[in-house]
Amino acid sequence: MKKILALVMALCMIFALAACGQSAAPAAPAATEAPAEEAPAEEAAVASSISLWTYPVGGYGSEETVKAITDAFTAETGIEVTVEYLTYADGDDKVNTALTAGQAPDLIMEGPERLVSNWGANGYMVDISDMFDDTDKSEINAAALAACFAPDGAAYEYPLVMTAHCMAVNLNALKEAGADQYVDLESHTWTTEQFAEAVKALYAKFGGTVGAVYCGGQGGDQGTRALVNNYYGGTFTNAEHTAYTWDDAKNIQALKTLYDMEGIDFDAAIVGGDEIANFYNGVFKMAFCWNIAQQLNPNSAGTGEGKTLNGDDIVFMAFPSEDGVANLQGGIWGLGVFDNGDAAKIEAAKTFIKWMCDSEHTPEAVRASNFFAARSAAEGVDLSGVWADNEIMNEYTKLMPMLGDYYQVTTGWAAARTAWWNMLQQVGASDGSEDAIAAAVAEFCGQANAQ
Amino acid sequence: MPQTVSPRLRRKETISAYLFLLPSLVFFLGFVVFPMVLCIVTSFFDANMNANKPDVFIGLANYVELWQDKVFLKALVNTIIIVLVSVPVVCVFSLWVASAIYRMKEGPLSFFRVVFYLPVVTGSVAVTVVWKWMYNNYYGIFNYLLKGAGLIEKNINWLGDPKYALACIIIILLTTSVGQPIVLYVSALSNVDNSLVEAAEVDGATNMQCFWRIKWPQIMPTTLYILVITTINSFQCFALIQLLTSGGPNYATETVMYYIYYTAFKLYRFGYGNAMGVILAIFIAVLSAVQFRLAKES
């Protein structure tokens, strides 16, 4: 009897662990059983309080920054905003758990890959396409606007800010190695040939790892994707965002070149954040996970704009390409509304979105993020001069015209991201032959397309 | 003459007993039995997160797919390796340490118990952060020491190299697993009837004979408990993987528990993840049964 009891207990323990956190899964369809009847805007009451969950989108990870904004909103509209701060490490799990438990917040701040391709596509978001009039559509950056709409025409995100992800180099190290001749400090661009020469010189001078193709997880994977895609002009998806195309010959050639390059190591033990830390500490001489927020505050360490820990100068650069003109990965962030079945809350959430993204308050909301406005003007307020007083931000605008296709809205994005870094791990662990690399690329690109 | 209890009193006592049990029973049913049943039921569905797509009954399709899933099979092999290595090592090591310290005075005994129990009560995140630093490819202490001693020429990427990653995870798991067994063994060995040992020694028994013939049988229930909980803990190795390697490099540290998490929470395939949970539970049940049987025979 005791034996049976012990076995039952052991079974209970594992079942409980395996099932925990998803127990509400079958409840998900309930959301469709009673969809929120969205009343016409003029008839709907406006709730007096709403909840906002935000990922650390630049300055929106700071409670002090966000509180100043929400307090101003409350003072003007009377609508209280309760804010919860998510991290990229476990934010998705929190949101998904809340969704399946019917406890989602009213508002969420992040990018289209989550709001449109994930939660929107899965039926949890409110279609806010009625918030975009013709003026808005003409003012909002075309790539950002397109990314906020699902293929069926529904909009699940209202864009606020955007940036171009880039890479960075340690200028002092480049000068010491005599490799500063390979970077154009005026245009912040370089060719693959110049990049290879710079790595060669840095490796000859310092040895070790000049830069790492980090692939320990998905953190910062936009950097490795941009590096590989730009190197010989490969693509990640097709233009229609219906298929993953990273198995093209140009990407395989780029992976082979990077694998063979002394000073560039495939490192499956680190992710983007670790790479930034190693670059900031002076271990690496270049970083592939970089953007304006990092340039303003490297490694979030608060030790000075554009400086490493040792005080070396950091120069942001576009990714190398054959002709020196890169297609940079974009970051687009904005607000979306979860469909909690409460028309008054939805109206209040839309009021907040309008206040943040398309009003005279938008310049302040943009500045809070440390990124660039996703539109040229908001209700007559010119947004082109938001960063006029900031030299680094002004310099960084040189990269913005290189913003490439926002392909993160392709179907099966979550699985594709995982397939990408798993592929890099397999390439790094292979013998580096073209066949081995091609096989890894084909296997994981196939996995991404199978989702 | 035995006292007869009236049926009314017996009923009253029975009701009281059940009322005392009720709070625990509610929690047990709500947090153990209900999720368990839900886990089994959902494993027969194509359950996902799409609010517009109802769950579809697919019978055993999830279970069939499991055995064609290369990553799951790799995860299963890795999990079994972790169990096969960590369970014997934890048991033998903790018994050895307990044997060495259980006769010490209170002060040194407490010191050793604290030393070995500390990693158990320290948060997983703190433990993994420290280990991650020690394993670091560029400035980790292991590479520093090994290079200093002339044992290696180039830094080893401990967590980034498929050859070493799983072993590194197992080492961390061992340090966090031995604390409780050591405390239990110290307690069990202290409770062994010393008069039996003294009598055997008078009869000329060696230390080894005393251990295997007298102490070992008396600590067998403790050993069995340690075997079962270590097996279950090893099968459920998750936090270390999530915090250190995400199952990589190249699936070298993928475990079933991590793959369940990944499938359910990253790919939103709840049904498939639950099917894995059921299979894992069956493995644990079978292994526990084998351990009970062997313990009974010995």
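Normalised by 2.2 N^0.38 Å, where N is the number of residues, the C-alpha radius of gyration of the stretch A:180-273 stands at 1.15. Restriction of the GluC sites (Glu not before Pro) in the stretch A:185-242 to DSSP coil positions whose beta-carbon has at most 14 other beta-carbons within 10 angstrom yields A:E186, A:E240.
The length gained on full extension between A:M400 and A:A439, counted as 0.36 nm times the residue separation minus their Cα-Cα distance, comes to 10.5 nm. In straight-distance terms, cross-link reach from A:K200 covers every one of the lysines whose alpha-carbon lies under 28 Å from its own, apart from those fewer than eight places away in the same chain; here that gives A:K175, A:K250, A:K256, A:K285, A:K307, A:K398, B:K147, B:K154.
Comparing the full protein assembly with the isolated chain (1.4 Å probe, heavy atoms, ligands and nucleic acids excluded), the residues of the stretch B:269-298 losing at least 50 square angstrom of accessible area are B:F270, B:A281, B:F292. Note that the protein assembly as shown presents 44 Å² accessible area per residue, ligands and nucleic acids not counted, probe 1.4 Å. A loss of 50 Å² or more of accessible area (1.4 Å probe, protein heavy atoms, ligands and nucleic acids excluded) relative to the isolated chain is seen in these residues of the stretch B:118-146: B:Y138. Structure remark: mean-square fluctuation, Gaussian network model of chain B, C-alpha springs under 10 Å; the largest value among B:V202, B:V183, B:V41 belongs to B:V202. With coordinates expressed along the principal axes, the C-alpha atoms belonging to the stretch B:68-297 extend over 64, 48, 28 Å, beginning with the largest. The A-B contact accounts for approximately 4500 Å² of buried accessible area, totalled over both chains at a 1.4 Å probe radius.
Computed over Cα pairs, the Kirkwood radius of the stretch A:235-365 leads via Stokes-Einstein (0.692 mPa s, 37 °C) to a diffusion coefficient of 174 µm² per second.
Mean per-residue shielding of peptide A:418-425 is 4, counting Cβ atoms of other chains within 10 Å of each Cβ. Using a cutoff of 8 angstrom between alpha carbon atoms and counting only pairs six or more residues apart, the relative contact order for the stretch A:267-358 works out to 15 percent.
A:E434 sits among other residues whose Cβ lies under 12 Å from its own Cβ, and their net charge, with Lys and Arg +1 and Asp and Glu -1, is -2. Semi-axis lengths, largest first, of the ellipsoid equivalent to the protein assembly as shown are 51, 36, 24 Å, with √(5λ) applied to each eigenvalue of the Cα gyration tensor. Surface composition of chain A: carbon and sulfur atoms hold 51% of the protein heavy-atom accessible area at a 1.4 Å probe. Between B:F34 and B:F93, the modelled labels are 4.0 nm apart [label points 7 Å from Cα along Cα→Cβ]. For the stretch B:120-156, the set of trypsin sites (Lys or Arg not before Pro) satisfying both a DSSP loop assignment and a count of at most 14 other C-beta atoms within 10 Å is given as B:K154. Contact-buried residues of the stretch B:12-39, at a threshold of 50 Å² lost accessible area versus the chain by itself: B:M36, B:L38 (1.4 Å probe; DNA, RNA and ligands ignored).
Just checking the listed ones, B:I169, B:I232, B:I282: in the Gaussian network model of chain B with Cα springs under 10 Å, the one fluctuating most is B:I282. P(r) for the stretch A:66-195, from all Cα pairs and a bin width of 5 Å, is 2, 8, 13, 13, 13, 14, 10, 8, 8, 6, 4, 1, 0 %, short bins first. Within the stretch B:155-234, list the trypsin sites (Lys or Arg not before Pro) lying in a DSSP loop whose Cβ has at most 12 other Cβ atoms in a 10 Å radius. When the trypsin sites (Lys or Arg not before Pro) of the stretch B:155-234 are filtered for loop state and at most 12 Cβ neighbours within 10 Å, B:K163 remain. What is the sum of charges around B:Y63, taking Lys and Arg as +1, Asp and Glu as -1, for the other residues whose C-beta is under 14 Å from the C-beta of B:Y63? Residues close to B:Y63 contribute a combined charge of -2. With respect to chain A, whose longest principal axis is taken over its alpha-carbon atoms, helix A:221-232 is tilted by about 50°. Dividing the mean sequence gap of close Cα pairs (under 8 Å, 6+ apart) by how many residues the stretch B:68-297 holds gives a relative contact order of 29 percent. Where in the stretch B:174-192 does the amide nitrogen come within less than 20 Å of the point 7 Å from the Cα of B:K105, taken along Cα to Cβ? Of the residues in the stretch B:174-192, B:190 have backbone N under 20 Å from the label point off B:K105. In percent, rounded to a whole number, the relative contact order of chain A is 23, using alpha-carbon pairs under 8 Å and six or more apart. Taken residue by residue and averaged, Cβ atoms of other chains lying within 10 Å of the Cβ of B:42-52 number 6. Solvent-accessible area of the stretch B:68-297 (1.4 angstrom probe, protein heavy atoms only): carbon and sulfur portion equals 66 percent.
D by Stokes-Einstein for the stretch B:174-280, Kirkwood Rh over Cα pairs, 37 °C, 0.692 mPa s: 193 µm²/s.
The Cβ shell under 15 Å around A:D323 holds other residues with a net charge of -2, Lys and Arg each +1, Asp and Glu each -1.
The values are calculated or read from the model by the stated rules, or taken from the named source; none is laboratory data. If you're wondering where the values come from, they're calculated on a predicted model, not measured in any experiment. Cβ sites come from the backbone with ideal geometry, for glycine too, and all protein chains shown count toward neighbours. Heads up: the accessible areas ignore ligands, DNA and RNA and are worked out on the full protein's heavy atoms, side chains in. Shrake-Rupley method; radii C 1.70, N 1.55, O 1.52, S 1.80 Å.
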